[in-house]
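Read the structure below first, then the notes.
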């Protein structure tokens, strides 16, 4: 006789509702594949009375979501509340302490409390699964934990946020302003009403911390350099295109001289590069490892379908009775690692300086760059005579980031600048 695994879904927004419907519809198929019956026993949501696309029997509703953590009939709790604090934190900590398996799509929670939660899960011999927390339908977490287990990973990077990638793609393809591209993304459901964490790089930062920890067998390291796409405009998009590049928001983590450097920022990537061809809401993760070399996984990074795919993968792992360490190895074996600052990292960069159109300006700019050991590889001057200013585009040779930032700081104080200088690093 097949065993029942009883599930509680906590959080019934778009993803929770989609997951409920999927598990009900595919119960027989999942049972055959896992030799165990996935049975949704209870659900809970902040607002029980909201209109949903699913009908849930009254007996399945929990009066209080936290009761799921002590109910002896529940084996697996699926947390779809969101956020690093509040109910989500309370639920997951209590569930693991009470011997419940947990599946979550909550990147913010794992990035902030993953180390603590992993220790509790290990102590209570239960699973903490979070495939859906990183890049939705791209199975990168399981790939790093299982498929690439033979490899020593030296670098992991890519496009980890579908919202920002969609906006940048729209700005280029449809010739839209940043605000218009954002509005389009919101209308299509690709961006939240409050998209701040997608635009300012925080979402990518959380995912990068998790991937770094998995890839390098370390505790979560909070030292991440973060810039978003908020300041990218149509002029930058067009300039990049003229130079043979596209602008992408990348998350990059690598080990150099036994130190970890984690960074999130817009990058110029060649039009002909693989990463330059990842458009719309797609995500792509590239892993450099030994002996595999370069390994690439891409797919939709968000949305109910992609997220449900990842959640069901985690549920199936539990149905098969696999008790695994949340971060691939025991917390006793994971290491603390020192960080390396981005200031010593070497980049070639795109500089955009909008300046008053008057004599001596270019001379002042080149003097400041020279003083900071920044040499010019290419310079383009676009005069706007009707507006009495020029846009100076400079592509630099490779130089330490510290020199670039010092140059920007000194240039920003000059009266001939009519806008804040733009700096976008060139990555590929």
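Out of all the residues in the range 97-106, is one or more touching a residue at least 60 places away in the same chain (Cβ under 8 Å), assigned to a helix (DSSP H, G or I) and buried (at least 24 other Cβ atoms within 10 Å of the Cβ)? For the range 97-106, residues touching a residue at least 60 places away in the same chain (Cβ under 8 Å), assigned to a helix (DSSP H, G or I) and buried (at least 24 other Cβ atoms within 10 Å of the Cβ): absent.
Within the range 380-406, the set of residues being surrounded by fewer than 19 Cβ atoms within 10 Å (Cβ to Cβ), touching a helix residue (DSSP H, G or I) at 6+ places or on another chain (Cβ under 8 Å) and assigned to a helix (DSSP H, G or I) comprises 402, 405.
Evaluate the range 132-151: report whether one residue or more is farther than 30 Å from residue 319 by Cβ, in the same structural domain as residue 286 (by TED's automatic domain parsing), surrounded by fewer than 22 Cβ atoms within 10 Å (Cβ to Cβ) and in contact (Cβ under 8 Å) with a residue 12 or more places away in the chain. Checking the range 132-151: not a single residue is farther than 30 Å from residue 319 by Cβ, in the same structural domain as residue 286 (by TED's automatic domain parsing), surrounded by fewer than 22 Cβ atoms within 10 Å (Cβ to Cβ) and in contact (Cβ under 8 Å) with a residue 12 or more places away in the chain.
Filtered by the rule that a residue be within 32 Å of the chain's Cα centre (by Cα) and farther than 19 Å from residue 231 by Cβ, the range 370-428 gives 374, 397, 398, 399, 400, 402, 403, 406, 428.
Checking the range 167-180 against the condition returns a match, with at least one residue being touching a strand residue (DSSP E or B) at 6+ places or on another chain (Cβ under 6 Å) and either more than 30 Å from residue 292 (Cα to Cα) or outside any helix (DSSP H, G or I) (or both).
The residues listed here are 375, 409; of these, the one that is surrounded by fewer than 17 Cβ atoms within 10 Å (Cβ to Cβ) and touching a strand residue (DSSP E or B) at 6+ places or on another chain (Cβ under 9 Å) is 375.
This table checks each residue for (1) part of a strand (DSSP E or B); (2) on the phi < 0 side of the Ramachandran plot; (3) buried (at least 19 other Cβ atoms within 10 Å of the Cβ).
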| residue | (1), (2), (3) |
| --- | --- |
| 9 | yes, yes, yes |
| 20 | no, yes, yes |
| 28 | no, yes, no |
| 39 | yes, yes, no |
| 43 | yes, yes, yes |
| 46 | no, yes, no |
| 53 | no, yes, no |
| 67 | no, yes, no |
| 74 | no, yes, yes |
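The values are calculated or read from the model by the stated rules, or taken from the named source; none is laboratory data. This is a predicted model, so every value here is computed, not measured. Methodologically, a virtual Cβ is constructed for each residue, glycine included, from the backbone with ideal geometry; neighbour enumeration extends over all protein chains shown.
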